[in-house]
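The values are calculated or read from the model by the stated rules, or taken from the named source; none is laboratory data. Fair warning: this is a prediction, and the values are worked out from it, not measured in the lab. Note: ideal-geometry Cβ built from the backbone for every residue, glycine included; neighbour counts use all protein chains shown.
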């Protein structure tokens, strides 16, 4: 009876997340400034012009933008059509992450907390109905995470070679929809190199993956990224989200502020919410380091799971942030990291699994916090219908 009740709660939490996404989506909230600037490109440019410099210093994957134009134009650029694909990417990303959590063996109360983390995240529910690329980033990273899990399953003879072929042929296409794919695509190739030592049959899919990925990246660079590099206006906009190297003090200050934001800012961007979420920050980072070490030791320095991938992505963002290439701190531009941090927060709580009088109050506190935030989100999105 207890297990059945938890399954119902997991189903309810997942359904509530989807409900919040749809509630926000169907509110038909007017396009805000950044969406309006993007929309002017869709409205004024032809399809071929979209694969060149965008107006208003906007940065957006061009193939993704062209598809949104193709879908929304027949409907007179209705706001629901402009936001339809971002919604689908967010919902698909959620289901993929649910599958990833299950692949990690998460079940019961742990899985409930993970699913509830989505429902208690304003960034997740809000950007499900936003004419921006962030939900696609989350989806793309989830697909690559699934790929590395299937690489591991192949070594265990738990999946077929044709599945590896399918991932190898299709995942590089995500470069056209998400720049962030580059941060994790190399991990797949890295794993392949280790796997080839004992699995020569993987040489063909590896070569195919590498060739297609290289071709896709070159095309994306030529018709997309090169028009956005050196965008001083965009750099100035994100300048407060980089890691400063001006002095040791500035480095530590921006690093610690960034670590806090990237851990806790997903839930609700209000002082009280971030303050409460900060309580879990030490456990999150301890779990991240501990799980990374145990994972790479177990796999022989191959990266086959969330436990190893999380710290790798964080270090990549830290490097890019320090060299003023990509913002480090947690905000919409790093939305793809949110599920990793949900996972690490819950794993941090589970560090006390042998100390029940600590474990249960912490888990209840986190669950209560998520319920309060999700209730606030419900009120916020319902309020959009009265405007």
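Quick one: would you say residue 292 is farther than 30 Å from residue 235 by Cα and either touching a strand residue (DSSP E or B) at 6+ places or on another chain (Cβ under 6 Å) or not assigned by TED's automatic domain parsing to the domain that holds residue 198 (or both)?
Spelling it out, residue 292 is indeed farther than 30 Å from residue 235 by Cα and either touching a strand residue (DSSP E or B) at 6+ places or on another chain (Cβ under 6 Å) or not assigned by TED's automatic domain parsing to the domain that holds residue 198 (or both).
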Check your understanding: Which one of these is touching a helix residue (DSSP H, G or I) at 6+ places or on another chain (Cβ under 8 Å) and closer than 30 Å to residue 274 by Cβ: 87, 155, 169?
Key -> 87
Check your understanding: With 310, 284 as the choices, which residue is under 18 Å from residue 120 (Cβ atoms) and surrounded by 18 or more Cβ atoms within 10 Å (Cβ to Cβ)?
Key -> 284
Review point. Can you name the condition, by its number, that residue 53 falls short on among (1) within 23 Å of the chain's Cα centre (by Cα); (2) not in a helix (DSSP H, G or I)?
Key: (1)
Check your understanding: Would you call residue 48 surrounded by 14 or more Cβ atoms within 10 Å (Cβ to Cβ), out of contact with any strand residue (DSSP E or B) (no Cβ under 7 Å at 6 or more places or on another chain) and either in contact (Cβ under 8 Å) with a residue 40 or more places away in the chain or assigned to a helix (DSSP H, G or I) (or both)?
Key -> no
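A quick yes/no check of all residues on (1) assigned to a helix (DSSP H, G or I); (2) under 21 Å from the mean Cα position of the chain (by Cα); (3) surrounded by fewer than 23 Cβ atoms within 10 Å (Cβ to Cβ); (4) touching a residue at least 12 places away in the same chain (Cβ under 8 Å):
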site	(1), (2), (3), (4)
321	yes, yes, no, yes
326	no, yes, yes, no
333	yes, yes, yes, yes
339	yes, yes, no, yes
346	yes, yes, no, yes
357	yes, no, yes, no
363	yes, no, yes, yes
371	yes, no, yes, yes
Practice item. Identify, by number, the condition in (1) modelled with pLDDT under 95; (2) in a helix (DSSP H, G or I); (3) more than 28 Å from residue 245 (Cβ to Cβ) that residue 274 doesn't meet. Key: (3)
Check your understanding: Does residue 186 satisfy the criteria of being within 21 Å of the chain's Cα centre (by Cα) and over 22 Å from residue 332 (Cβ atoms)?
Key -> yes
Point to revise | Failed criterion for residue 173 (all others in (1) at pLDDT below 95; (2) under 24 Å from the mean Cα position of the chain (by Cα); (3) not assigned by TED's automatic domain parsing to the domain that holds residue 266 hold) | key: (1)
